[in-house]
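J.: First the structure, then my questions, so here it is.
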Amino acid sequence: MKRTLIITVFSLAMSASSVFGQTIQSQHNHAGHNHAMPGMTQAREATQAGPHGGSLKQTGNLQIETIVSQGGLKMFVYDRAGQPVTVDRGRGAVSVRVEGNAKRYRYDLLPDGKGALTAPVNLSQIAGRQIDVDVQLVGIAASTISFNEVATVPASEQQLAAAAIARQKICPVSGKPLGSMGDPVAVDVNGQKLYVCCAGCVGAVKSDPAKYAAGRPQITVTTATQADAAAIAAQKVCPVMDEPLGGMGTPIKVMVGDKPIYLCCKGCIKKIQAEPAKYLAMVYGNGTQASAQPAATTTAKITVSTSTQADAAAIAAQKTCPVMDEPLGGMGTPIKVMVGDKPIYLCCKGCIKKIQAEPAKYLAMVYGSSNQASVPAGTEQVREGIFKVVSADAPFIAAQKRCPVMDEPLDAMGGPYKVNADGKAIYICCPGCAKKIAAEPQKWLAVLKSQGVDAPLIR
């Protein structure tokens with residue numbers, strides 16, 4: 001079976017001589033120390049910029065320029081005077097390790113006919129990540145050269161922009177999600193790029209750049225007053241908890257930019273601060289707050305009571321409310337919700353509806369994955385059958401930890417992503433692993449099972 005690599009590569013045939021093979025085996029590098037056979041030249045640590053913009057290192061009578069790009073690795077060789085040295089008869093090998101991963105991947109360096117030794121490797125998926133590269137060269141000016149290079153794979157302008165938009169998330173003027181009004185528009189603010197949702201917001205940023213420089217709408221919190229009565233009556237319910245405003249005391253008023261959102265209690269404030277665009281859309285997007293709740297995914301009986309001293313140990317073990325992520329006890333005596341025979345403790349009665357609507361989700365958050373746990377299928381595809389994950393996937397990603405195909409951390413290659421394996425969700429580190437799952441779903445489910453991971457059902 002072909003081995004799926006951490007990065008997509010063009011496999012190059014090894015054409016070095018047997019002497020080269022023996023030389024490679026006779027030398028190796030480790031962090032903090034180095035062993036070399038006699039006659040082998042080691043590069044000095046001092047580096048400077050080379051003629052092609054790469055990193056230049058001195059190796060005895062030669063200088064080696066290393067260039068790392070999204071298209072792979074390239075080596076130019078110069079003499080002490082900086083004149084190019086032919087590499088037409090040279091060969092080499094690079095051993096690459098991506099930061100955060102223990103594995104190394106080896107590629108051959110061969111003459112490209114343009115004065116360099118090249119290993120064409122697609123590194124675009126790890127743009128912005130640091131890589132550790134061990135390099136060995138032979139057949140160049142009668143020398144055998146070995147050195148280590150640490151570099152960062154450069155990101156393209158498009159990738160940098162996409163990352164900045166993903167970090168910013170929302171328009172600081174309108175509060176709308178970036179991308180909801182078409183391609184975001186970049187605005188220069190004191191030499192830094194800020195993104196707004198549409199051209200209509202550009203003027204506001206330019207007229208008051210200091211106000212919008214942070215890239216997020218200003219969020220202020222106050223207690224509602226009598227002047228807010230009409231707006232509270234119009235909004236009716238808290239968008240976080242779906243509770244009637246006023247049912248838990250005087251509503252909290254959160255100003256997101258120039259738009260007020262009213263909340264049932266102070267425990268909801270963190271949700272607005274974390275995802276202002278989401279809640280602005282719920283309150284102002286279509287004129288309604290209420291949305292259909294997902295159907296319950298379990299038929300277990302649900303009962304509600306106030307916790308007692310007998311629950312103290314279980315409350316201490318659970319620590320926080322799975323709905324609000326608030327410390328249990330911080331809003332009064334915790335509420336005890338029995339889902340079947342499993343208790344879930346909540347910070348306040350406002351959280352009960354969430355458990356009743358999605359019991360499997362919160363059971364998984366408190367107890368980990370189980371036979372009843374389920375996640376949504378997903379709506380945002382990166383490729384056919386491969387979906388971006390959502391917040392409901394978080395506890396199952398934490399439980400699975402690693403891609404079963406590559407045995408890599410799920411975030412090693414831009415993931416995690418979600419695929420359907422015979423009705424269950426398997427999380428993978430990169431889209432390239434999806435074919436393996438699709439070809440043998442039960443095999444990979446069994447691999448997870450052997451690791452103590454029960455894949456959640458897809459609903």
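The values are calculated or read from the model by the stated rules, or taken from the named source; none is laboratory data. All values derive from a computational prediction rather than experimental measurement. So basically every Cβ, Gly included, is an ideal-geometry build from the backbone, and we count neighbours across all protein chains shown. Each accessible area value is taken on the protein alone, full model and side chains, heavy atoms only, with ligands, DNA and RNA left out. Shrake-Rupley method; radii C 1.70, N 1.55, O 1.52, S 1.80 Å.
J.: Which residue, of Ser450, Ser391, Ser374, is touching a residue at least 24 places away in the same chain (Cβ under 8 Å), hydroxyl-bearing (Ser, Thr, Tyr) and out of contact with any Cys (no Cβ under 8 Å at 6 or more places or on another chain)?
T.: Details: Ser450 fails: touching a residue at least 24 places away in the same chain (Cβ under 8 Å); Ser391 fails: touching a residue at least 24 places away in the same chain (Cβ under 8 Å).
The match here is Ser374.
J.: Could you tell me how many of the residues in the range 66-85 are of a type in the set (S, T, N, Q) and without any contact (Cβ under 8 Å) to a residue 40 or more places away in the chain?
T.: Residues of the range 66-85 that are of a type in the set (S, T, N, Q), as a first pass: 66, 69-70, 83.
Checking the rest, the ones that are also without any contact (Cβ under 8 Å) to a residue 40 or more places away in the chain come to 83.
Qualifying residue count, the range 66-85: 1.
J.: Name, by its number, the condition in (1) open to solvent by 10 Å² or more (accessible area, probe 1.4 Å); (2) out of contact with any helix residue (DSSP H, G or I) (no Cβ under 8 Å at 6 or more places or on another chain); (3) among the β-branched types (Val, Ile, Thr) that does not hold for Val138.
T.: Condition not satisfied by Val138: (2).
J.: Scan the range 250-260 and give yes if some residue there is more than 26 Å from Ser391 (Cα to Cα) and in contact (Cβ under 8 Å) with a residue 12 or more places away in the chain, otherwise no. Walk me through it before giving the result.
T.: Initial filter on the range 250-260 (more than 26 Å from Ser391 (Cα to Cα)): 250-251, 258.
Checking which are in contact (Cβ under 8 Å) with a residue 12 or more places away in the chain leaves us with 250-251.
Among the residues of the range 250-260, at least one is more than 26 Å from Ser391 (Cα to Cα) and in contact (Cβ under 8 Å) with a residue 12 or more places away in the chain, which makes the answer yes.
J.: Inspect all residues belonging to the range 181-196 and state whether any of them is within 30 Å of the chain's Cα centre (by Cα), acidic (Asp, Glu), within 29 Å of Gly267 (Cα to Cα) and open to solvent by 20 Å² or more (accessible area, probe 1.4 Å).
T.: Applying the first criterion (within 30 Å of the chain's Cα centre (by Cα)) to the range 181-196 yields 181-196.
Those still in the list that are acidic (Asp, Glu) too: 183, 188.
Then drop every residue that is not within 29 Å of Gly267 (Cα to Cα), which leaves none.
Looking for residues that are within 30 Å of the chain's Cα centre (by Cα), acidic (Asp, Glu), within 29 Å of Gly267 (Cα to Cα) and open to solvent by 20 Å² or more (accessible area, probe 1.4 Å), one finds none in the range 181-196, hence no.
J.: On the basis of being closer than 30 Å to Tyr105 by Cβ, β-branched (Val, Ile, Thr) and surrounded by fewer than 20 Cβ atoms within 10 Å (Cβ to Cβ), does Ile386 make the cut? Talk me through it step by step, then tell me what you get.
T.: Details: closer than 30 Å to Tyr105 by Cβ: yes; β-branched (Val, Ile, Thr): yes; surrounded by fewer than 20 Cβ atoms within 10 Å (Cβ to Cβ): no.
For Ile386, the condition - closer than 30 Å to Tyr105 by Cβ, β-branched (Val, Ile, Thr) and surrounded by fewer than 20 Cβ atoms within 10 Å (Cβ to Cβ) - is not met.
J.: Just name the residue that is modelled with the lowest pLDDT out of those in the range 310-330 that are open to solvent by 60 Å² or more (accessible area, probe 1.4 Å) and either in a loop (DSSP other than H, G, I, E, B) or of a type in the set (Phe, Trp, Tyr) (or both). Can you show your working first?
T.: Initial filter on the range 310-330 (open to solvent by 60 Å² or more (accessible area, probe 1.4 Å)): 310, 313, 316-317, 319, 325, 327.
From what is left, the residues that are either in a loop (DSSP other than H, G, I, E, B) or of a type in the set (Phe, Trp, Tyr) (or both) are 319, 325.
Working: Lys319: 88, Asp325: 81.
Step by step, filter the range 310-330, then rank; the result is Asp325.
J.: Checking the condition under 30 Å from Gly432 (Cβ atoms), touching a strand residue (DSSP E or B) at 6+ places or on another chain (Cβ under 9 Å) and of a type outside the set (Lys, Arg), which residue from Ala102, Ala93, Ala141 passes?
T.: Numbers: Ala102 fails: touching a strand residue (DSSP E or B) at 6+ places or on another chain (Cβ under 9 Å); Ala141 fails: under 30 Å from Gly432 (Cβ atoms).
Only one candidate qualifies: Ala93.
J.: Being hydrophobic (A, V, I, L, M, F, W, C), open to solvent by 30 Å² or more (accessible area, probe 1.4 Å), modelled with pLDDT of 95 or more and more than 23 Å from the chain's Cα centre (by Cα) is true for just one of Leu110, Leu117. Which residue is that?
T.: Numbers: Leu117 fails: open to solvent by 30 Å² or more (accessible area, probe 1.4 Å).
The conditions single out Leu110.
J.: Can you find a residue that is open to solvent by 10 Å² or more (accessible area, probe 1.4 Å), more than 17 Å from the chain's Cα centre (by Cα), within 24 Å of Ala127 (Cα to Cα) and not charged (D, E, K, R) anywhere in the range 409-426?
T.: no
Yes/no per residue for (1) small (Gly, Ala, Ser); (2) farther than 21 Å from Leu56 by Cα:
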site	(1), (2)
Asp134	no, no
Ser143	yes, no
Ser146	yes, no
Glu149	no, no
Ser156	yes, yes
Ala164	yes, yes
Gln168	no, yes
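J.: Could you check the range 22-85 for strands (runs of 3 or more DSSP E) lying wholly inside it with 1 or more residues that are at pLDDT 85 or above and under 30 Å from Leu160 (Cβ atoms)?
T.: Values: elements: 28-30, 33-35, 40-42, 47-49, 55-59, 62-69, 72-79.
Qualifying strands (runs of 3 or more DSSP E): 55-59, 62-69, 72-79.
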